[in-house]
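Below: the structure, in structure tokens.
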Amino acid sequence: MQIYEYQKVTSTQDLAKKYLEEKNNKTAAFIAQEQTAGYGKRGRSFYSPAKTGIYLSIALPNFKIDLNYAGLLTLAIGISVVHVLKKQFPANDFQLKWVNDIYLNDRKIAGILTEKTKFGLIVGIGINITTTSFPSSISDHVGNITQSNVDNNQISRKLVKAIIQATKTYQNAKFLDNYRELSYLKNKKVTLKVGRKHIIGRVVTIDNQGRLVIACQDTLRRYSSGEVIKVELNK
């Protein structure tokens with residue numbers, strides 16, 4: 001596997017897409033110290049200032065998602081990322097917000113993006129390691145991990161290894177027990193946006209297909225996609 005490192009890029013996702021479009025057939029990772037146009041789910045901007053975060057994407061050529069377990073892929077990647085972070089920052093209690101965010105102290109500190117193209121799969125991740133200054137539009141719900149100096153490059157390489165492994169083993173649902181333990185949403189009242197609909201209810205669990213199970217009045221509903229746009233913190 002090849003690892004490409006950069007000072008500044010528009011987006012590591014863009015580099016990974018170009019790599020796949022050129023029909024390269026080996027897995028490759030793209031790591032940058034800064035992104036000028038980093039993005040996450042639904043194309044939203046991901047703030048990526050220089051040298052304070054981890055910004056990387058992995059290109060997996062000709063990757064075929066097992067449709068029977070498609071809902072587990074991003075979850076498996078998420079738990080693999082948390083395991084790496086927990087080893088590096090053992091005092092912190094990281095949590096997973098279905099389906100693709102990592103939280104610490106009720107603030108988002110990382111996002112995961114999986115993008116399937118006709119040439120393969122791209123897995124991107126952005127992590128706020130020491131970032132302290134954020135745009136006002138996001139400053140009330142994002143945070144960082146530490147103010148201590150850490151080796152972002154070393155952590156990035158460990159993440160690359162862990163993520164690639166997760167893409168090979170995501171069909172094994174054993175990791176879900178750990179995911180449920182670390183769920184940021186469990187037992188919380190949430191608003192889930194699915195298309196134009198807004199579903200309000202209390203999160204019960206994540207099922208064995210990776211679906212979010214929500215209690216709405218007296219009915220349990222399961223969702224394989226959507227975005228949790230509001231979380232009421234337990235008092």
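The values are calculated or read from the model by the stated rules, or taken from the named source; none is laboratory data. None of these values were measured; they are calculated from a predicted model. Here the Cβ is made from the backbone with ideal geometry for all residues, glycine too, and neighbour counts use every protein chain on show. To get the accessible areas, we keep the full protein, side chains included, count just its heavy atoms, and leave off ligands, DNA and RNA. Shrake-Rupley method; radii C 1.70, N 1.55, O 1.52, S 1.80 Å.
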- Query: Would you say TYR47 is surrounded by 14 or more Cβ atoms within 10 Å (Cβ to Cβ), touching a Pro at 6+ places or on another chain (Cβ under 7 Å) and not in a helix (DSSP H, G or I)?
  - Reply: yes
- Pick from segment 189-235, criterion assigned to a loop (DSSP other than H, G, I, E, B) and in contact with a strand residue (DSSP E or B) (Cβ under 6 Å, 6 or more places away or on another chain), ranking: nearest to ASP106 (Cα to Cα): GLY226
- Query: Does any residue in segment 65-77 that is of a type outside the set (Gly, Ala, Ser) come within less than 6 Å, Cβ to Cβ, of a residue that is surrounded by fewer than 19 Cβ atoms within 10 Å (Cβ to Cβ) and in a helix (DSSP H, G or I) six or more places away or on a different chain, and which pairs are these?
  - Reply: none
- Message: With the requirement that a residue be charged (D, E, K, R) and either outside any loop (DSSP other than H, G, I, E, B) or buried (at least 20 other Cβ atoms within 10 Å of the Cβ) (or both), what does segment 94-113 give you?
- Response: LYS97, ASP101, ARG107, LYS108
- Collect the residues in segment 114-131 that are open to solvent by 20 Å² or more (accessible area, probe 1.4 Å) and either under 15 Å from VAL160 (Cβ atoms) or among the charged types (D, E, K, R) (or both), keeping them in residue-number order. THR114, GLU115, LYS116, LYS118
- Message: Residue under question is LYS8, and the condition is that it be open to solvent by 70 Å² or more (accessible area, probe 1.4 Å), at negative phi and in a helix (DSSP H, G or I); does it hold?
- Response: no
- Mind listing just one residue for me: the one in segment 50-64 that is polar (S, T, N, Q) and either closer than 25 Å to TYR170 by Cβ or free of Cβ contacts under 8 Å to residues at least 40 places away in the same chain (or both) and, of those, surrounded by the most Cβ atoms within 10 Å (Cβ to Cβ)? SER57
- Test for GLU34: is it of a type in the set (D, E, K, R) and touching a residue at least 60 places away in the same chain (Cβ under 8 Å): no
- Message: I'd like the full set of residues that are over 17 Å from THR12 (Cβ atoms), among the small types (Gly, Ala, Ser) and either in contact with a strand residue (DSSP E or B) (Cβ under 8 Å, 6 or more places away or on another chain) or in contact (Cβ under 8 Å) with a residue 60 or more places away in the chain (or both), limited to segment 84-139.
- Response: SER133
- Apart from one, (1) under 29 Å from GLN88 (Cα atoms); (2) within 18 Å of the chain's Cα centre (by Cα); (3) surrounded by 12 or more Cβ atoms within 10 Å (Cβ to Cβ) all hold for LYS188; the odd one out is (2)
- Query: Would you pick out the residues in segment 51-63 that are modelled with pLDDT of 95 or more and assigned to a loop (DSSP other than H, G, I, E, B)?
  - Reply: THR52, ASN62, PHE63
- Task: Scan (1) farther than 14 Å from LEU72 by Cα; (2) touching a residue at least 40 places away in the same chain (Cβ under 8 Å); (3) not aliphatic (A, V, I, L, M) for the single condition TYR170 breaks and write down its number.
- Result: (1)
- Note on the structure: Selection over segment 28-44 where residues are modelled with pLDDT of 95 or more and of a type in the set (Phe, Trp, Tyr) yields a count of 1
- Task: Tell me which of these ILE155 doesn't satisfy, since it passes every other one: (1) open to solvent by less than 30 Å² (accessible area, probe 1.4 Å); (2) in a helix (DSSP H, G or I); (3) without any contact (Cβ under 8 Å) to a residue 40 or more places away in the chain.
- Result: (3)
- Message: Taking the condition of being within 24 Å of LEU113 (Cα to Cα), among the hydroxyl-bearing types (Ser, Thr, Tyr) and open to solvent by 40 Å² or more (accessible area, probe 1.4 Å), how many residues in segment 215-233 meet it?
- Response: 2
